[in-house]
Amino acid sequence: MSQQPTPDPSSATTTMDRGAVAVLGATGKTGRRVADRLDALGVPVRRASRRSEPRFDWADESTWPAVLDGATAVYVAYAPDLAVAGAPETVTRLASVARDAGVRRLVLLSGRGETEAQRAERLVAEVFPARTVVRCAFFAQNFDESFLLEPLLQGALALPVDHVREPFVDLEDVAEVAVAALTDDAHAGAVYELTGPRSLTFADAVAEIAEASGRDLRYEPITMAEFTAGLTALGVPDDETGLLEYLFSEVLDGRGSFVADGVRQALGRPARDFGEYAAREAGAWSPRVSA
């Protein structure tokens, strides 16, 4: 028997085959990072969304088989959130379709402290036991890529949370863990709880962003009524307002303040620090100049 080449431990392709990886939600914050990393590794990627070809739509199950056909692995990021009624059942049906299509690896993006997200994890495991769960803390990138950016550009962030601490996780870590699990059977069945290495209050986080960006920024705790009224004034749809109210009233109540070691467990290195994230993205908080 011929001698096999020694695997490169720095490569995520150590135990993978070369079938396509389907990335659901490939235009989202996590999905695009996962897809880009797979591209960089030379792994064939099927970027799935409502605008892709073939098209993928969570609300239209007839679109699922074509996206999964011939795929080796699938990254599952449910939109808008696993906390939405019926989401656990929907992702479980998707897992069943993936299993029947011969998909070998399934990576489920999940949230810490979310009852429905953890129920989704259990239901998916029943039909796809080899699934890998990537269970995440509050994304650091919500400060520069999502609903927290505009207030920071205006100089102040006001949220209905005061002294609660959160170990914000860097999406670069999330994507790296997901890619490892999508390309290596060694992660089958694992549940990785991903956080940053420190727990910070939102005021702490804003202070670190201010230091990194050189901006004079402040944080203001407000009531939930003030928060939802502000969202309504901005024209935020009721369903999105409801999700944010759930996030800040239930999930961000301190239950997720402890630091977990999922990044090290999956990758063998410590998680990226929030200060590193803030320094890297400092330009995002520079005031925009009108043309």
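Points worth noting:
- Relative contact order computed over the chain (Cα-Cα under 8 Å; 6+ residues apart), in percent: 18 percent
- For region 85-148, a simple Cβ point-charge model (Lys and Arg +1, Asp and Glu -1, everything else neutral) yields a dipole of about 320 debye relative to the Cα centre.
- Dividing the mean sequence gap of close Cα pairs (under 8 Å, 6+ apart) by how many residues region 81-217 holds gives a relative contact order of 25 percent.
- Of all beta bridges that DSSP places with both ends in the chain, some 5 percent have antiparallel geometry.
- Each Cα pair of region 128-243 feeds into the Kirkwood radius, which the Stokes-Einstein equation turns, at 25 °C and 0.890 mPa s, into a diffusion coefficient of 152 µm²/s.
- Ranked by the mean number of other Cβ atoms within 10 Å of their residues, highest first, the peptides 169-175, 58-64 fall in the order 169-175, 58-64.
- The packing ranking of peptides 191-204, 104-117, highest mean first, is 104-117, 191-204, where packing means the average number of other beta carbon atoms within 10 angstrom of each residue.
- Relative contact order (percent, whole number), region 77-120, Cα cutoff 8 Å, 6+ residue spacing: 55 percent
- Highest to lowest packing among 153-163, 36-46, 19-29, 131-141, scored as the average C-beta count within 10 Å: 131-141, 19-29, 36-46, 153-163
- Gyration tensor verdict on region 217-291 (Cα atoms; rounded if a/c is under 1.5, prolate if a/b is larger than b/c, oblate otherwise): oblate
- Simple label model, 7 Å out from Cα along Cβ direction - Arg122 to Glu245, nm: 2.7 nm
Here, each number is a calculation from the coordinates, and none is a lab measurement. A quick note: this is a predicted structure, and the numbers were derived from the prediction, not measured. Neighbour counts are summed over all protein chains in view; Cβ atoms, including those assigned to glycine, are modelled from backbone coordinates with ideal geometry.
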